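A.B. asks: First the structure, then my questions, so here it is.
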Amino acid sequence: RRRSVSAVFVPNRDVVLLDTRRAPKHPGGLRLYVSGPMTGIPGFNRMAFVRAAAQLREAGFTVENPATNPEPSVPTWENWMRLAIPQMLTCDGVALLEGWENSEGAKLEVMVAHKLSMQIGMVDGWLS
């Protein structure tokens, strides 16, 4: 059974529920950003990002995949996020990988996306 609702903690607010059933059934040219855990995962979890991006593209979405970004000149977490956040802001929605809630970067991306009223859902929710 697919999870259709996830929760995210937003500072100074209660839990925000993200209902992936709101994801549009027809992509209609929507641009999605893939968000998920990277730090501490072998290969920075690139295969999960690449697989999700391919599935979303096959479903008709335009996809931004931060796992394919060039390495910053000083590869700190902060500099990776300085590349990722502007990239995410070019999108209409965020497609979350499993385990996103354990990632500081993904939680930051979700918080920004939520504040900007972007559509947010699990990858499977966008594909169903």
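The values are calculated or read from the model by the stated rules, or taken from the named source; none is laboratory data. No experiment lies behind these values; they were computed from the predicted model shown. Counting neighbours? That spans all protein chains shown, and the Cβs are built from the backbone with ideal geometry, glycine included. The protein model used for the area step is the full one, side chains on, heavy atoms only, and it has no ligands, DNA or RNA in it. Shrake-Rupley method; radii C 1.70, N 1.55, O 1.52, S 1.80 Å.
A.B. asks: Kindly check whether there is at least one residue in the stretch 84-91 that is in contact (Cβ under 8 Å) with a residue 24 or more places away in the chain, of a type outside the set (Ser, Thr, Tyr), over 17 Å from GLY40 (Cβ atoms) and touching a Cys at 6+ places or on another chain (Cβ under 7 Å).
C.D. replies: Within the stretch 84-91 (the criterion being in contact (Cβ under 8 Å) with a residue 24 or more places away in the chain, of a type outside the set (Ser, Thr, Tyr), over 17 Å from GLY40 (Cβ atoms) and touching a Cys at 6+ places or on another chain (Cβ under 7 Å)), the answer is no, since none of the residues qualifies.
A.B. asks: Follow-up question, since we're still on this one. Does the stretch 36-47 contain at least one residue that is surrounded by fewer than 17 Cβ atoms within 10 Å (Cβ to Cβ), over 24 Å from SER128 (Cα atoms) and under 11 Å from the mean Cα position of the chain (by Cα)?
C.D. replies: Within the stretch 36-47, none of the residues are surrounded by fewer than 17 Cβ atoms within 10 Å (Cβ to Cβ), over 24 Å from SER128 (Cα atoms) and under 11 Å from the mean Cα position of the chain (by Cα).
A.B. asks: Additional query: All but one of (1) in contact (Cβ under 8 Å) with a residue 24 or more places away in the chain; (2) touching a strand residue (DSSP E or B) at 6+ places or on another chain (Cβ under 8 Å); (3) not in a loop (DSSP other than H, G, I, E, B) hold for GLN55; state the number of the condition that does not hold.
C.D. replies: It fails just one condition, (2).
A.B. asks: Let me ask something else about it. What number of residues within the stretch 98-109 are surrounded by fewer than 20 Cβ atoms within 10 Å (Cβ to Cβ) and in contact with a Gly (Cβ under 8 Å, 6 or more places away or on another chain)?
C.D. replies: Selection size over the stretch 98-109: 2.
A.B. asks: Among the candidates ALA113, ALA95, ALA84, single out the residue that is modelled with pLDDT of 95 or more, open to solvent by less than 70 Å² (accessible area, probe 1.4 Å) and part of a strand (DSSP E or B).
C.D. replies: Result of the check over ALA113, ALA95, ALA84: ALA95.
A.B. asks: Another question, if that's okay. Scan the stretch 63-81 for residues that are surrounded by 15 or more Cβ atoms within 10 Å (Cβ to Cβ) and not in a helix (DSSP H, G or I) and report the count.
C.D. replies: Count: 3.
A.B. asks: Does the stretch 13-27 contain any residue that is at pLDDT 95 or above, in a helix (DSSP H, G or I) and open to solvent by less than 90 Å² (accessible area, probe 1.4 Å)?
C.D. replies: no
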